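Here the structure comes first, spelled out in structure tokens, and everything after it is commentary.
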Amino acid sequence: MSTTNTEEGSLTKKDFVTENDVRWCPGCGDYAILNAVQRTLPELGVPKEKFVVVSGIGCSSRFPYYMNTYGFHTIHGRAPTVATGVKSANPDLSVWMVTGDGDGLSIGGNHLMHLLRRNLDINVLLFNNRIYGLTKGQYSPTSEVGKKTKSTPVGSLDYPINPLLFALGSEATFIARTSDTDQKHMVETFKAAQAHKGTSFIEIFQNCVIFNNNAFDTVTGREVRSEQALMLEEGKPLRFGENKGIRLNGFDPEIVELQDGDDESDLLVHHSKTNNPAYASILAQMAYPAFPTPFGILRQIEGRETYEDALHSQIKASQSKGEGNLQELLTGQNSWVVE
Amino acid sequence: MTQATDSFEEIESAVVRFAGDSGDGMQTIGERFTDSSAFAGNDIATLPDFPAEIRAPAGTLAGVSGYQLQFGSRSILTPGDEPDALVAMNPAALKSNISDLPEGGMLVVNVDSFKKMNLKKAGYESNPLEDEEFRKKYQLIELDLTTLTKEALSESPLKPSDKARCKNFFALGFMCYVYGRPLDPTLKFFDQKWGKRLPEVAEANSTALKAGHNLGDTMETARNRYQLAKAVVQPGVYRKISGNEALVYGLVAGAQSANRELLYSGYPITPASPVLEGLSALKKFGIKTVQAEDEIAAMGVAIGASFAGDLSVVATSGPGMCLKSEFIGLASITELPVIICNVQRGGPSTGLPTKTEQSDLLQSLFSRHGDCPLPVIAAHSPSDCFECSIEACRIALTYCTPVIYLSDLYVANGAEPWLVPNAADIPSIDAKFADPSEEYISYKRNPNTLARTQAIPGQPGLEHRIGGLEKSEDGGVNYDPENHEQMTHLRADKVERIADSLPPTQLHGEQQGDLLVIGWGGTYGAITSATQAMQAEGFSISSLHLRHLNPLPKDLGDIIKRFKKVIVPELNLGQLSLILRAKYLVDAIPLTKVQGKPFKVSELRDSFHKELS
Ligand SMILES: Cc1ncc(C[n+]2csc(CCOP(=O)(O)OP(=O)(O)O)c2C)c(N)n1
Ligand code: SF4
Ligand SMILES: [Mg+2]
């Protein structure tokens with residue numbers, strides 16, 4: 001049996017690696033995400049035995065098998081429900097949920113919506129590779145319209161869903177996007193998610209080398225990144241490329257090129273804690289090629305009570321007037337005695 | 001209110017049915033009459049019968065709601081085949097119930113509602129109360145209930161329409177007079193329900209109730225009044241209990257006796273919603289309840305909570321069971337304790353959502369992907385739901401397995417007197433989590449029960465992963481053909497092992513004979529009554545009622561062999577008989593009924609007679 005040292009600061013990445021062979025395809029983006037999570041968890045000050053990783057079904061959902069924590073590989077689309085059960089039963093646990101674009105937004109869209117609106121303190125990592133990986137390459141609800149796959153030989157018909165807008169519409173209190181190509185950004189984002197009290201929703205652009213290779217190259221590729229991605233920084237104006245920025249024209253964002261000496265004050269400044277969802281909605285809808293694609297924390301609403309806290313405080317409030325007595329319950333208020 | 005006792009006719013039991021519009025408060029007065037009867041020391045069995053629509057158009061046949069009960073000084077096991085007295089609040093209630101009232105039966109009608117419009121809505125061409133033949137056929141008591149109630153409430157500050165709504169209690173008062181029922185429990189009910197909030201409503205209903213009672217007293221001295229002795233029962237503290245209430249209490253008791261926290265998750269569905277509502281009201285017992293977004297989610301929440309160490313429970317009805325099916329497979333392969341309650345109703349699909357049926361037995365036994373046998377138990381009466389839910393807790397925790405608990409609408413909504421158990425006498429359930437000081441192998445089994453031991457998140461050093469993929473004993477994913485075969489057998493054998501823990505099967509009657517009646521679930525009262533009656537007639541007949549439907553008791557095969565014939569009454573097309581035939585190669589005769597109604601004792605007797613002649 002391994003003895004676990006649970007003291008803060010004494011855990012390392014190694015503590016979170018299992019003996020299981022990792023069975024993703026060579027070059028799959030999932031490896032990078034696994035690495036980032038294993039680098040993040042030891043730094044959170046949470047004892048190792050308190051982590052629980054819950055997933056659905058898909059390539060991405062194999063994740064718990066590779067994490068040396070408590071883990072549960074459940075069924076397709078339903079991880080939010082199991083995670084809700086774990087967290088409701090024991091709010092003291094740090095619950096991480098891993099899902100895919102098909103798992104979380106197709107078969108499990110309903111559950112994901114309800115997890116987000118209930119605001120359980122769970123960190124949701126949605127690996128978006130815009131394809132069904134495990135079932136070998138059918139289009140997914142985030143695939144671009146017209147996507148040619150084995151199940152759509154002349155192109156898919158349905159319009160894709162935008163995961164960030166979905167999360168916003170579901171009243172998520174923390175919404176972020178990161179990419180499997182950026183270790184540092186992933187770790188930062190995961191840490192921020194853990195610090196947030198409430199459900200944290202993180203869309204991770206994840207490359208499926210086999211069935212949808214290079215799907216995100218236009219925004220994550222090394223050469224184009226600075227021009228075509230927008231890195232959100234709290235309190236800073238929305239700037240990208242050498243000299244470009246985003247400002248509002250009515251309700252519409254527009255790109256401006258700043259000349260030497262131009263004032264930045266015209267530009268939108270990133271405030272993720274704005275209560276009004278309009279700003280986050282504008283960001284969520286910005287995408288290459290019309291705009292740079294944003295990465296970072298789009299929205300972060302503090303102070304909304306979590307489901308599990310509310311659940312347990314109702315119980316505490318009720319028990320403060322006296323705990324239940326089984327005999328009284330069984331006898332009830334309208335009993336009679338037979339001599 | 002005292003009446004000369006010499007006008008009482010002593011009877012052993014009676015069956016009364018209240019019928020009216022859904023908005024007339026028939027369920028309420030039925031329950032009150034039941035409480036008064038229980039309070040008077042009689043044994044009781046009830047049959048609430050309401051339409052699927054909350055308020056179908058007033059006065060129509062579709063909107064008729066009824067409540068039947070049987071009460072008596074002898075042991076009462078069923079709500080009665082047919083009423084001795086029928087209270088019909090409107091023409092529709094008369095029309096849809098009169099065929100059940102035998103000739104000479106007491107018929108109380110609210111004549112105020114026998115107006116043209118209502119007669120037409122009920123499909124009467126002419127007023128049946130004006131038909132001489134009809135009038136002679138029954139012991140007809142015509143009351144202008146609406147008028148009388150309004151008159152009685154002339155002093156009340158309530159609006160006229162609200163006054164008229166008290167007429168159900170006027171009718172109840174009258175029937176309490178006829179059957180010598182005490183008014184006190186109902187007066188106490190008014191006080192508890194409205195006394196503080198709406199004292200004028202409590203007052204008006206009390207006045208109406210008493211006025212109805214007084215009317216009986218003054219109306220017609222020649223009218224029969226009945227008297228029933230107290231039922232002879234074991235001394236102790238009694239209360240009235242419904243099946244769903246008993247389920248709720250059993251779960252609370254089971255969790256306490258296992259020293260586990262209880263988490264319930266559910267999605268509303270008739271007739272299981274009272275379980276969600278009942279447990280949600282028990283926060284002071286530390287019970288967590290989650291109203292999930294659907295039945296799939298409810299099952300997922302329960303599985304997650306079970307993984308985290310709670311005793312978790314879901315309750316639903318047939319359609320919800322279908323939705324849970326994939327998750328039940330996950331609970332089976334991961335071997336997590338979850339109690340899955342199915343309060344059955346008429347199916348398939350939305351079927352007869354407010355009527356009873358026992359047609360989900362095969363679903364409970366088989367409706368899963370893969371070879372996935374699970375323990376299945378069924379409650380046979382309202383109070384038996386208490387025992388059964390504790391049994392479900394015992395099996396789930398002792399064998400680390402999902403358990404299916406069946407009841408049905410008849411059992412869940414029906415009520416009977418219950419000898420309140422002593423909480424301290426409820427046996428404890430010994431279910432320990434893994435010990436962090438020992439090496440943990442997640443699917444290592446107890447050699448006796450074949451159960452694995454759970455290690456719950458938060459315990460240092462016991463980190464492990466579970467999931468839906470086949471695994472070997474150490475919990476690692478394992479696709480080897482032999483391993484899968486071994487694991488499939490182990491899971492099945494574990495469920496089979498439960499039979500070792502069951503007491504000998506109780507036979508009602510001789511240990512051998514001509515006819516054995518085998519039943520399960522809510523048919524208990526009717527089967528037992530019919531069997532008893534036939535034994536008294538000298539027939540060689542015995543009955544047994546199965547609580548455990550999987551695994552079946554080990555002695556069942558031998559018992560079956562000792563009888564010449566086996567008959568299996570069920571409210572389905574013959575599901576248990578199919579199992580018995582397959583398992584014991586016995587020519588079990590199916591006796592089936594799927595009308596959304598329980599068996600009548602007379603129906604069963606007729607069929608048993610046929611087999612024995
Ligand atoms: C009930 C059910 N239906 C279908 C499947 C088959 N299935 C497994 S994974 C999957 C799609 C996974 O796609 P995604 O969630 O995007 O995960 P990825 O493999 O891309 O990481 C499907 C359809 C299943 N396992 N269960
Ligand atoms: S199929 Fe795609 S997503 Fe799945 S493991 Fe291979 S590369 Fe990764
Ligand atoms: Mg995918």
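Descriptive notes on the structure:
- Cβ separations smaller than 9 Å between residues 6+ apart or across chains give the following pairs from the range B:362-384 residues that are in contact (Cβ under 8 Å) with a residue 24 or more places away in the chain to residues that are among the acidic types (Asp, Glu) and not in a helix (DSSP H, G or I): B:Ser367/B:Asp360; B:Ala378/B:Asp408; B:Ala379/B:Asp408; B:Ser381/B:Glu416; B:Pro382/B:Glu416; B:Ser383/B:Glu416.
- The set of residues in the range B:529-543 being out of contact with any Lys or Arg (no Cβ under 7 Å at 6 or more places or on another chain) and surrounded by 18 or more Cβ atoms within 10 Å (Cβ to Cβ) consists of B:Ser529, B:Thr531, B:Phe539, B:Ile541, B:Ser542, B:Ser543.
- Meets criteria (open to solvent by less than 60 Å² (accessible area, probe 1.4 Å) and either within 14 Å of ligand 1 (Cβ to nearest atom) or on the phi < 0 side of the Ramachandran plot (or both)) for A:Thr181: no
- Consider the range B:449-505 and keep the residues that are touching an Asp or Glu at 6+ places or on another chain (Cβ under 9 Å) and in a strand (DSSP E or B). The one that is farthest from the other protein chains (Cβ to nearest Cβ) is B:Arg452.
- Residues satisfying the stated conditions in the range A:163-196, i.e. within 16 Å of ligand 2 (Cβ to nearest atom) and more than 16 Å from the chain's Cα centre (by Cα): A:Thr181
- From the list B:Leu502, B:Leu556, B:Leu507, B:Leu546, the lone residue that is out of contact with any helix residue (DSSP H, G or I) (no Cβ under 9 Å at 6 or more places or on another chain) and either more than 24 Å from B:Glu391 (Cβ to Cβ) or surrounded by 15 or more Cβ atoms within 10 Å (Cβ to Cβ) (or both) is B:Leu502.
- The residue that is farthest from A:Cys208 (Cα to Cα), among those in the range A:110-130 that are open to solvent by 10 Å² or more (accessible area, probe 1.4 Å) and more than 9 Å from ligand 3 (Cβ to nearest atom), is A:Arg118.
- Residue in the range A:132-182 that is farthest from ligand 3 (Cβ to nearest atom), counting only those that are among the acidic types (Asp, Glu) and within 26 Å of A:His196 (Cβ to Cβ): A:Glu171
- Check on A:Ile204, among the β-branched types (Val, Ile, Thr) and part of a loop (DSSP other than H, G, I, E, B): no
- Of residues in the range A:131-142 being more than 8 Å from ligand 2 (Cβ to nearest atom) and of a type in the set (Val, Ile, Thr), the one surrounded by the fewest Cβ atoms within 10 Å (Cβ to Cβ): A:Thr135
- On the stretch given as the range A:90-104, residues that are more than 8 Å from ligand 1 (Cβ to nearest atom) and either at pLDDT below 95 or farther than 11 Å from A:Leu125 by Cβ (or both) total 6.
- Selection status of A:Cys59, more than 7 Å from every other protein chain (Cβ to nearest Cβ), open to solvent by 10 Å² or more (accessible area, probe 1.4 Å) and closer than 30 Å to B:Val338 by Cα: yes
- Selection within the range B:261-281 - at the interface with chain A (Cβ under 10 Å from one of its Cβ atoms) and open to solvent by 20 Å² or more (accessible area, probe 1.4 Å): B:Glu261, B:Ser280, B:Ala281
- Test for A:Val124: is it more than 9 Å from chain B (Cβ to nearest Cβ) and either of a type in the set (D, E, K, R) or within 14 Å of ligand 2 (Cβ to nearest atom) (or both): no
- Matching residues, the range A:24-56, being farther than 17 Å from A:Thr178 by Cβ and within 16 Å of ligand 3 (Cβ to nearest atom): A:Trp24, A:Cys25, A:Gly27, A:Ser55, A:Gly56
- Applying the criterion of being away from ligand 3 (no atom under 12 Å from the Cβ) and either more than 18 Å from the chain's Cα centre (by Cα) or within 14 Å of chain B (Cβ to nearest Cβ) (or both) to the residues of the range A:197-215, the residue that is surrounded by the most Cβ atoms within 10 Å (Cβ to Cβ) is A:Val209.
Each row is one residue, and each column tells you yes or no for (1) within 15 Å of ligand 1 (Cβ to nearest atom); (2) open to solvent by less than 50 Å² (accessible area, probe 1.4 Å); (3) more than 19 Å from the chain's Cα centre (by Cα).
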residue: A:Leu11; (1), (2), (3): no, yes, yes
residue: A:Asn20; (1), (2), (3): no, no, yes
residue: A:Arg23; (1), (2), (3): yes, no, yes
residue: A:Asp30; (1), (2), (3): yes, yes, no
residue: A:Glu49; (1), (2), (3): no, yes, yes
residue: A:Thr84; (1), (2), (3): no, yes, no
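- Count of residues meeting criterion [more than 9 Å from every other protein chain (Cβ to nearest Cβ) and within 16 Å of ligand 3 (Cβ to nearest atom)] in the range A:63-95: 1
- Any hit, the range A:205-222, residues being among the polar types (S, T, N, Q) and closer than 29 Å to A:Asn119 by Cβ: yes
- Residue in the range A:247-266 that is surrounded by fewer than 11 Cβ atoms within 10 Å (Cβ to Cβ) and in contact with a Pro (Cβ under 9 Å, 6 or more places away or on another chain) present: yes
- Only one of B:Lys193, B:Lys167 that is open to solvent by 40 Å² or more (accessible area, probe 1.4 Å) and either of a type in the set (Lys, Arg) or in contact with a Cys (Cβ under 9 Å, 6 or more places away or on another chain) (or both): B:Lys193
- Qualifying residues in the range A:126-146 (those that are of a type in the set (A, V, I, L, M) and within 11 Å of ligand 1 (Cβ to nearest atom)) - the one farthest from B:Asp310 (Cα to Cα): A:Ile131
So that you can scan it fast, the table gives a plain yes or no per residue for (1) modelled with pLDDT of 95 or more; (2) open to solvent by 10 Å² or more (accessible area, probe 1.4 Å); (3) touching a helix residue (DSSP H, G or I) at 6+ places or on another chain (Cβ under 8 Å); (4) not assigned by TED's automatic domain parsing to the domain that holds B:Ala152:
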| site | (1), (2), (3), (4) |
| --- | --- |
| B:Ser206 | yes, yes, yes, no |
| B:Met219 | no, yes, no, no |
| B:Val290 | yes, no, yes, yes |
| B:Val301 | yes, no, yes, yes |
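- Where strands (runs of 3 or more DSSP E) fall wholly inside the range A:39-141, the ranges with 3 or more residues that are farther than 19 Å from A:Thr12 by Cα, in the same structural domain as A:Ala195 (by TED's automatic domain parsing) and touching a helix residue (DSSP H, G or I) at 6+ places or on another chain (Cβ under 8 Å) are A:94-100, A:122-128.
- Among residues of the range B:533-546 that are not assigned by TED's automatic domain parsing to the domain that holds B:Gly521, none has a beta-carbon under 9 Å from a residue that is open to solvent by 40 Å² or more (accessible area, probe 1.4 Å) at least six positions away or on a different chain.
- Selection from the range A:11-34 of residues that are away from ligand 2 (no atom under 16 Å from the Cβ) and modelled with pLDDT of 90 or more: A:Leu11, A:Thr12, A:Lys13, A:Lys14, A:Asp15, A:Phe16, A:Val17, A:Thr18
The values are calculated or read from the model by the stated rules, or taken from the named source; none is laboratory data. Note that this is a predicted model, so its numbers are computed, not measured. Neighbour counts run over all protein chains shown; Cβ positions are idealised from the backbone, glycine included. To get the accessible areas, we keep the full protein, side chains included, count just its heavy atoms, and leave off ligands, DNA and RNA. Shrake-Rupley method; radii C 1.70, N 1.55, O 1.52, S 1.80 Å.
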